[in-house]
Amino acid sequence: GQNIDQPTEMTATEGAIVQINCTYQTSGFNGLFWYQQHAGEAPTFLSYNVLDGLEEKGRFSSFLSRSKGYSYLLLKELQMKDSASYLCAVRDVSGGSYIPTFGRGTSLIVHP
Amino acid sequence: GAGVSQSPSNKVTEKGKDVELRCDPISGHTALYWYRQSLGQGLEFLIYFQGNSAPDKSGLPSDRFSAERTGGSVSTLTIQRTQQEDSAVYLCASSLPPDRGGQETQYFGPGTRLLVL
């Protein structure tokens, strides 16, 4: 398995910055995804990292360090609508499968 | 349609009954995935279809679960003799073929909320 680990819950204040970490263990790393899932809704794609470094997309950025088995999702200028669960998913092709494995998700609560 | 659709959106059934859940993927997406999400849990992989290849059934929790994909498009997940522990949200996703080493983002449907009484 990929042993994906994320914090269960985080809280932050509107307008602030929050960093959600994800650690994983793989023998055939082939990409890491971040998804956002609002309560009662389907996950929606946020970002994809396969090479080391930072990918920036508006208020959201995602970072990857393959040597450390570590990624984070950075959310800036937090808004109330950012309250959601954030899912980290890792693709490990060592077993011949390209199916991403999802972590349990981090529930982010943004308060005024 | 523009996105992945699933039906029914909600299903309440009695223990021991069979249920069928349907997924319509995005047109042109040859890869289709079924996941299960229980309250407070991550997405649990169930089964994966890619084109005409044999499906990857490695995630199915028991032989009461089966799925088929007709004509490379619509998929049906069947749960026979449902148990209370089958209660969960069943999510379907589709993507372009994920074996090209690229992004191949999964697009999820709204899910079917199954409650077994």
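The numbers here are math on the coordinates, done by the rules we state, and not lab data. Predicted model, so just to flag it, every value in this text is computed and none were measured. All Cβ positions, even for glycine, are placed from backbone atoms using ideal geometry, and neighbour counts span all protein chains on display.
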Taking each residue of B:14-26 in turn, how many C-beta atoms of other protein chains fall within 10 Å of its C-beta, and what is the average? 0
Using only alpha carbon pairs under 8 Å that are at least six residues apart, calculate the relative contact order of chain B and give it in whole percent. 37
Quick one: grab Rg to one decimal and Dmax as a whole number for region A:37-112, Cα atoms only, in Å. 13.6, 46
For labels at A:Phe45 and B:Ser58 in the simple 7 Å Cα→Cβ model, what's the distance in nm? 2.3
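Counting other C-beta atoms within 10 Å, which of A:Val93, B:Val4 has the fewest, and how do the rest follow? Let's see the in-between values first.
Working: A:Val93 17, B:Val4 23.
Lowest to highest Cβ neighbour count: A:Val93, B:Val4.
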On a straight-distance basis, which lysines could pair with A:Lys57 in a cross-link, Cα separation under 30 angstrom, same-chain partners fewer than 8 positions away excluded? A:Lys68, A:Lys76, A:Lys81
Base-10 log of normalised Debye intensity for the protein assembly as shown (one unit scatterer per alpha-carbon) at q = 0.12, 0.18 Å⁻¹: -0.66, -1.36
Give me B:Asp63, A:Asp82 sorted ascending by neighbouring Cβ count inside 10 Å, so fewest comes first. B:Asp63, A:Asp82
Which longest run of chain A has no exposed loop site in it, a site being trypsin sites (Lys or Arg not before Pro) in a DSSP loop with at most 16 other beta carbons within 10 Å, and the site itself not part of the run? A:1-58
Point-to-point label distance, B:Ala2-B:Ser66, nm (Cα→Cβ direction, 7 Å offset): 3.7
Percentage of Cα-Cα pair distances in chain B greater than 18 Å, rounded to whole percent? 47
Percent RCO, i.e. relative contact order, over chain A, from Cα pairs under 8 Å lying at least 6 residues apart: 37
The simple spin-label model distance between B:Ser38 and A:Asp52, using points 7 Å out along Cα→Cβ, in nm, is 3.9
Using a 10 Å cut-off on Cβ to Cβ distances, tally the other chain neighbours for every residue of B:43-53 and report the average as a whole number. 2
Using alpha-carbon pairs under 8 Å, 6+ residues apart, how would you state the relative contact order of region A:37-86 in percent? 32
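With only Lys, Arg, Asp and Glu charged, each at its Cβ (+1 for the first two, -1 for the last two), find how big the charge dipole of chain A is about the Cα centre; round to the nearest 20 debye. Each step should come with its number before you reach the end.
Details: 8 positive and 10 negative charges, 32 e Å.
With only Lys, Arg, Asp and Glu charged at Cβ, the dipole is about 160 debye.
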Restricting to aspartates and glutamates and to Cα separations under 20 Å from B:Lys57, and discarding same-chain partners fewer than 8 apart, the set is A:Asp92, B:Asp18, B:Glu20, B:Asp24, B:Glu44, B:Glu68, B:Glu85, B:Asp86, B:Asp99
Where the convex hull is taken over the Cα atoms of region B:1-59, what is its projected area averaged over directions, in nm²? 5.5
Give me B:Glu104, A:Glu55 sorted ascending by neighbouring Cβ count inside 10 Å, so fewest comes first. A:Glu55, B:Glu104
Max mean-square fluctuation residue, GNM over chain A, Cα-Cα springs under 10 Å, options A:Gly95, A:Gly69, A:Gly28: A:Gly95
